[in-house]
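Throughout, read-outs are computed from the coordinates displayed, never taken from laboratory work. What you see is a predicted model; the values in this text were computed from it and never measured. Note that we place each Cβ from the backbone using ideal geometry, even for glycine, and neighbour counts take in every protein chain shown.
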Amino acid sequence: MSEDKTPTPADALRALRLQEARWQAILGTARDAIIGIDLTGRITLFNHAAEVIFGYAASEVMGQNVTILMPAPYREEHDAYLATYRATGVPKAIGRIREVEGRRKNGDVFPMELSVSEARVGDDVMYSAMIRDVTERRRAEHALAESEARHRAVLDTAASAIIGIDEGGKVLSFNPAAERLFGYAATEIVGQNVKLLMPVPFRHEHDGYLRHYLQTGERRVIGIGREVTGRRKDGTNFPMDLAVNDTLLDGRHFFTGVIRDLTHEKEAEDRERQLLKQALQNERLADIGAVTARIAHDFGNPLAGLQMTAQRLRQLLARDPVPVERLTQATDMIVQTVQRLDALVEEFKEFAREQRLHLRRLELPAFLQEIVTAWDQEATGRGIALEVDVGTDLPVIRADPDKLRRVMDNLVKNALEAVDRGPGVVRVTAELRKQERIRILVTDSGPGVPEGIDVFALFETTKAGGTGLGLAICKQIVLAHGGGIEYASHFGTGTVFRLELPAHGPTRRL
Amino acid sequence: MDQPDGCSAIRILLVDDEPSFRTSLAEMLREDGHGVGDHGAPAHVPALSSLKDVAILITDYEMPGTSGLALADAFHAQHPHVPVILVTAYRTTSLDAQVLDRPFLRFVQKPVDYVVLHTLIHEVCAGRRP
């Protein structure tokens, strides 16, 4: 029984082994390398993480000088350092986390964090080092710094003004081009609301726009781009092209605006518009005689028809009993004629209207697909195959979508009416030509345009009931875009209308 | 409008591209006892040589394709004794001159008073065979 109360040497040994096993477990599972050395620098402890980091098995390094784990110059200095410490007791490494370099078995040198502590057991002194391999961290930090530097360089040298804002509209970045364009130093504007760069009334609307976008996701400018007005520090306004990109980071939106100054483009546009206006005006003067004759004819005939139908009504009303069905037919005729006159008035108005363009960025493939889709039913009803073949590599162009839609609708409608009844084909194709010019073709398998007439001339028409205004208006619109339109036709083989537009809109032509 | 001159029920050929004018006029003439063949364009008119019983041609001047004047000439070549009434919404001096060159033509400007036109029809019908 006494053996139970008094620990025997075997018990003490067991307890010691248990303790040892615990330490070994801790050392073995530690993620940091733990290395012990004695006073002379010989390795006395080398845990599993140390094996992984340095690439040595513990058995290879036990008893070796720890300097084998160091590259030059640490390797040469370490023995002397240890000797100095032994002599003076002044530590250099102990108790601090330092960043130094280690050397793996394969010779690779790597950055590591080192902390050293001293343990004394009686006269025995042991130094233990905790080592963390920071290669990956350094690499990530380096990559981040490099990426930041690269982006900074792009921002600093970009010709476009680039402005970053947060969800609240607060300016986060303002590059040198933005400084030049707006006349503000970055330090003046960063932290301010971006609406400072906008004139009234946009200034008051911007916060609302942002809120609306964040709530609904509905885009007005973001990802679309548009022409807006900017305001300089000196209070002057200028036209600019704004493209905004939305980046989601940690659930928060960051907006990057890229701005191009359109001042010079606008001036060129104005000059061109002036020239064009003059040319159109001259053409118009020559057209006035033709217009007068055309109005007298196009309006005079339906008016005479209305007057005749009114007399017909009077004739019918004089009968007893009044023939209600015929009366209804006659009144229907009046309504239809008035609608036709109204459409004619609209067309004349459209022709007389100045072709002032509202230029936007236009995705041509989607735009043309939309046009063709709108005419699908009409084509199917006529038994005509309506095809669209548009390359996806077309650049975004600057054009007036409403005006261009009018042109395309007119061309497709004409093509369908030329074929009249299937079997037949109407095809819309588009391609990028040299010098950033887009070519759109509308081809039909109809009978072709008779020789000796200019379909673009005012009042020239090959269609019964045609006013001869449609293609004349189309030509005006295309010219206003700085483009051209022509057609080729051969009797029996159909017609192709060729439309060419500058991708950048009308200004680049000057 | 029954008159003892053989002109109260005649065949009239009417060509005009304005549907309301053509339809209403044709129906009124039919109501008054005439036989009317009406067409929207000269191209739609049957072979002129086959139109032997037509007593009067009423045609618009400006139409798609062939003009009313060309139609009048072609018709006159086939039927030299049948009078032609040319209607137009837009009268020019050059057109007047062309009408004056053609004694078989009568000229009426739109808008047209039906009573006046009907009187003219009687007049030219009664005068067609002197």
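Return a whole-number percent for the relative contact order of chain A, with Cα pairs under 8 Å and 6 or more residues apart as the contact set. Please list the in-between numbers first.
Numbers: 779 pairs, mean separation 37.5, N = 510.
Once divided by the residue count of chain A, the mean separation gives 7 percent.
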(message) I'd like the antiparallel share, as a percent to the nearest 5, of DSSP beta bridges with both residues in the protein assembly as shown.
(response) 75
(message) As an exercise, use a Förster radius of 41 Å and the Cβ-Cβ distance of A:Gln435 and A:Thr380 to find the FRET efficiency, rounded to the nearest 0.05.
(response) 0.60
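Let me know the shape class of segment A:266-400, please: from the alpha-carbon gyration tensor, a ≥ b ≥ c as square roots of the eigenvalues, rounded when a/c is under 1.5, otherwise prolate if a/b is greater than b/c, or oblate.
Values: a/c = 4.04, a/b = 1.63, b/c = 2.48.
Oblate shape, in that a/c is at least 1.5 and b/c is the bigger or equal ratio.
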(message) 5 Å is the cut-off here: which amide hydrogens, built 1.01 Å from N in the peptide plane, fall below it relative to A:Val388, excluding neighbours closer than 5 in sequence?
(response) A:Val428
(request) Please report the Cα spread of chain B along all three principal axes, rounded to whole Å, starting with the longest. (result) 38, 32, 29
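For segment A:1-140, rounded, prolate or oblate, judged on the Cα gyration tensor with a ≥ b ≥ c (square roots of eigenvalues), a/c < 1.5 rounded, else prolate if a/b > b/c?
prolate
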(message) Projecting each Cα onto the charge dipole of segment A:207-260 (Lys/Arg +1, Asp/Glu -1 at the beta carbon, about the Cα centre), which of A:Gly230, A:Gly217, A:Ile259 comes out farthest on the positive side?
(response) A:Gly230
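Per residue of A:290-301, how many C-beta atoms from partner chains lie within 10 Å of its own C-beta, taken as a mean? Kindly include the intermediate steps, with their values, before the conclusion.
Details: counts 0, 0, 1, 3, 1, 2, 7, 8, 4, 2, 9, 15.
That average works out to 4.
Using the per-residue mean of other Cβ atoms lying within 10 Å as a proxy for protection, in what order, highest first, do the peptides A:311-321, A:27-37 fall? Intermediate values should be presented prior to the final figure.
Values: A:311-321: 13.8, A:27-37: 17.2.
Averaged packing, sorted descending, gives the order A:27-37, A:311-321.
Report the net charge of residues surrounding B:Thr88, where surrounding means a beta-carbon distance below 9 angstrom and charges are Lys +1, Arg +1, Asp -1, Glu -1. Please list the in-between numbers first.
Details: positive: B:Arg91, B:Lys110; negative: B:Asp60, B:Glu62.
In short, 0.
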(request) Would you mind finding the longest exposed-site-free stretch of chain A, with exposed GluC sites (Glu not before Pro) meaning DSSP loop and at most 10 other Cβ atoms within 10 Å? (result) A:219-450
(request) Return, in residue-number order, each cysteine of the protein assembly as shown whose C-beta is not under 4.7 Å from any other cysteine's C-beta. (result) A:Cys474
(request) Work out the length of the dipole vector of segment B:29-127 about its Cα centre, built from +1 on the beta-carbon of each Lys and Arg and -1 on the beta-carbon of each Asp and Glu, and round it to the nearest 20 debye. (result) 120
(request) Specify the inter-centroid distance of segment A:188-237 and segment A:297-361, based on alpha-carbon positions, in whole Å. (result) 49
(message) Using +1 at the C-beta of Lys and Arg and -1 at the C-beta of Asp and Glu, which of B:Leu71, A:Met126, B:Val115 has the Cα lying farthest in the positive direction of the dipole of the protein assembly as shown?
(response) A:Met126
(message) Full-extension gain between A:Gln336 and A:Gln64, please, as 0.36 nm times their residue separation minus the C-alpha to C-alpha distance.
(response) 87.1 nm
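Within chain A, which complete DSSP H helices have Cα atoms spanning at least 24 Å along the helix axis and a mean Kyte-Doolittle hydropathy of -0.5 or higher?
Details: long enough: A:9-29 (30 Å, -0.11); A:135-157 (32 Å, -1.21); A:263-317 (69 Å, -0.65); A:324-352 (42 Å, -0.03); A:364-382 (26 Å, -0.09); A:401-419 (27 Å, -0.34).
Sorted by number, the helices that extend far enough and score high enough are A:9-29, A:324-352, A:364-382, A:401-419.
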(request) For B:Met63, list long-range residues whose amide hydrogen, built 1.01 Å from N in the peptide plane, is under 5 Å from its own amide hydrogen. (result) B:Gly68
(request) List, in order, the whole-Hz ³J(HN,Hα) value for each residue of segment B:32-42 obtained from phi through the Karplus relation with A = 6.51, B = -1.76, C = 1.60 and θ = phi - 60°; use x for Gly and Pro. (result) 8, x, 8, x, 10, x, 10, 9, x, 7, x
(message) From Cα pairs below 8 angstrom and at least 6 apart in sequence, can you work out the relative contact order of segment A:1-135, rounded to a whole percent?
(response) 22
(request) Net charge near A:Lys105: determine it from the other residues with C-beta under 10 Å of the C-beta of A:Lys105, scoring Lys and Arg +1 and Asp and Glu -1. (result) -1
(message) Taking 8 Å as the Cα distance limit and 6 or more residues as the minimum spacing, I'd like the relative contact order of segment B:33-130 as a percentage.
(response) 25
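What net charge do the residues around A:Met198 carry, taking every other residue with its C-beta under 9 Å from that of A:Met198, with Lys and Arg at +1 and Asp and Glu at -1? Write out the running numbers ahead of the final one.
Numbers: positive: A:Lys195, A:Arg203, A:Arg231; negative: A:Glu205.
My count for the surroundings of A:Met198 gives +2.
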(request) Check cross-link reach from A:Lys233 to the aspartates and glutamates: straight Cα distance under 14 Å, and skip same-chain residues fewer than eight apart. (result) A:Glu179, A:Glu188
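Across the residues of B:9-20, average count of Cβ atoms on other protein chains within 10 Å? The partial results should precede the final answer.
Numbers: counts 0, 0, 0, 0, 0, 0, 0, 4, 3, 13, 9, 17.
That works out to 4 on average.
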(message) At q = 0.14, 0.17, 0.28 Å⁻¹, what log₁₀ I(q)/I(0) does segment A:187-253 have when each alpha carbon counts as one equal point scatterer in the Debye sum?
(response) -0.48, -0.71, -1.40
(message) Give me the dipole magnitude in Debye, nearest 20, for segment A:1-138 about the Cα centre, with unit charges on the beta carbon: positive for Lys and Arg, negative for Asp and Glu.
(response) 260
(request) Count, for each residue of B:108-117, the Cβ atoms from other chains sitting within 10 Å of its Cβ, then give me the mean as a whole number. (result) 4
(request) Return the distance in nm (one decimal) between the two label points of a simple spin-label model at A:Glu113 and A:Gln192, each offset 7 Å from Cα along Cα→Cβ. (result) 4.2
(request) Measure off 7 Å from each Cα along the Cα-to-Cβ vector at A:Val121 and A:Leu249, then give the distance between these two points in nanometres to one decimal. (result) 5.2
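Return the Rg/Rh value of the protein assembly as shown, two decimal places, where both radii are evaluated on C-alpha atoms and Rh is the Kirkwood radius. Kindly include the intermediate steps, with their values, before the conclusion.
Numbers: Rg = 46.8 Å, Rh = 34.4 Å.
That ratio is 1.36, to two decimals.
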(request) Taking amide H positions as placed in the peptide plane 1.01 Å from N, state which residues far from A:Met198 in sequence (5 or more) or on other chains have amide H under 5 Å from it. (result) A:Arg231
